[in-house]
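Let me begin by presenting the structure, written as structure tokens, before commenting on it.
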Amino acid sequence: MNSYLSILKIVLHGRSAGKILLATVFSFTFSIAVILCTFGLMDGFDHLLKSGLRHSSGDIILTNRRGFFPVTAELKEKIDSVKPIAVTPVIQTEAFALHGDSSKGVLVRGIEEDSFSKTTGLKVKVPSGSVVIGEELAKQFKVKVGDEIALTFGRGNEAASSLPTIKLFQISSLVKHGIYQKDLRFVYLNRADLAELLGLGNKVNQVILSVKDVNKPLENLDDIEASRQKLRLEVSSDYLVRPFWNEYSFLIEAVKVEKFSISLILQLIVVVAVFNIIAFVIYIMEKKAQDFFFLRAVGMSLSSLTRFWFISVIIIWAVSCVGAYIASHIFNWGLQNLWFLQIPGEIYVLSSLNIRLDLMAYVTVYAVSLLWILIAAFGGYLRMRNKPIIQGLRQEFSS
């Protein structure tokens, strides 16, 4: 340890060497941080998108080609064949929400509070006679809990020719799905109230199932897809059985492809940082050539110098990894709290972004960066090994 510190003092003697070392560490830290944040944004987008979709649609959505249908004992038996954790019937219809001079087309969902919360994981309390709206819709209408909005909608398929119904509802609470369009378009009513307004009786047009725990992160879609396929074979061809990600399947697949492509491109940033490390090694070798000559002349072995270089680059790598970890958390905090890092939800689907990194992401990024920096260290070792003592002697007497 003492010999390492002694060599380090020689290497860092003079302000230029220290500045170049700091610049080298900063560039490598920045490179790792960029890759970490990119991975984290991709994983965070994927996680938030799936979470938001599940919190509005459960795992599987059962609809009928003919519109509204009764949930018969036979249909319940077929649904039970996939052993769902929870099931909830839903009425969903289009309407216009009105407040003051503002209007917006919305999807009104008639739900049963308890079963809907169990099936989707979204806590929505809709007392009879009230309405729950999304946070983005509340922002556009500039309304708050306790205000009233009007809903205008038809009276169902059987009464399509009737005049539209307009009714005032008091806003009991606001809901956030995490997906911009759903926070802007979804409005919740008590199912019994909506069924009465539309004259539907016991009919619904959606049955939502959850086959996995919706309160836990979903890592794999295979189990849900298997249950969907099984239910599809159980019910008649009149029914459509869709997974919760159906409407955004193209986006989820695109994230997977882009994550791999971008990770390859970002390796160029790491390569540039590695060139900075190699430049630092060459600079030290040339600038401190006489010092290394004296060290070797008084008996320090090549293996000791080699050990010094490899330990040094490992320390540079470790410091850079810690710095990148801190930088990723700072950036994540900025995404949540700084206005200029907020994203437009109408473009990026989600109401907000965050960075989500698991252990495998850290291991992958850090391992690849370690590989690159070891390549740089090996280059310095070869340069040191191929430089004989006699060359240092010539430099000493020629200076």
Segment 240-254, subset within 23 Å of the chain's Cα centre (by Cα) and open to solvent by less than 20 Å² (accessible area, probe 1.4 Å), residue modelled with the lowest pLDDT: 252
Selection count where residues are touching an Asp or Glu at 6+ places or on another chain (Cβ under 8 Å) and on the phi > 0 side of the Ramachandran plot, scope segment 118-146: 1
Residue match in segment 69-91 (condition: over 30 Å from residue 212 (Cβ atoms), over 34 Å from the mean Cα position of the chain (by Cα) and of a type outside the set (S, T, N, Q)): no
Residue in segment 163-170 that is under 22 Å from residue 53 (Cα atoms), in contact (Cβ under 8 Å) with a residue 12 or more places away in the chain and either surrounded by fewer than 20 Cβ atoms within 10 Å (Cβ to Cβ) or not β-branched (Val, Ile, Thr) (or both) present: no
Residues that are exposed (fewer than 15 other Cβ atoms within 10 Å of the Cβ) and part of a helix (DSSP H, G or I), drawn from segment 58-97: 73, 74, 76, 77, 80
Candidates 67, 52, 100, filtered to the one that is in contact with a Gly (Cβ under 9 Å, 6 or more places away or on another chain), at positive phi and at pLDDT below 90: 67
Qualifying residue in segment 220-227 (condition: more than 30 Å from residue 69 (Cα to Cα) and of a type outside the set (D, E, K, R)): yes
Residues located in segment 230-257, provided they are part of a helix (DSSP H, G or I), touching a residue at least 12 places away in the same chain (Cβ under 8 Å) and farther than 19 Å from residue 53 by Cβ: 230, 234
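Would you say residue 38 is part of a helix (DSSP H, G or I) and among the β-branched types (Val, Ile, Thr)?
Numbers: part of a helix (DSSP H, G or I): yes; among the β-branched types (Val, Ile, Thr): yes.
Taking the combined requirement at face value, the residue satisfies it.
The values are calculated or read from the model by the stated rules, or taken from the named source; none is laboratory data. Computed from a predicted model, the values in this text were never measured in an experiment. Positions of Cβ are generated from backbone atoms using ideal geometry, with glycine treated the same way; all protein chains shown enter the neighbour counts. Please note that ligands, DNA and RNA were not included when accessible areas were found on the heavy atoms of the full protein model with its side chains. Shrake-Rupley method; radii C 1.70, N 1.55, O 1.52, S 1.80 Å.
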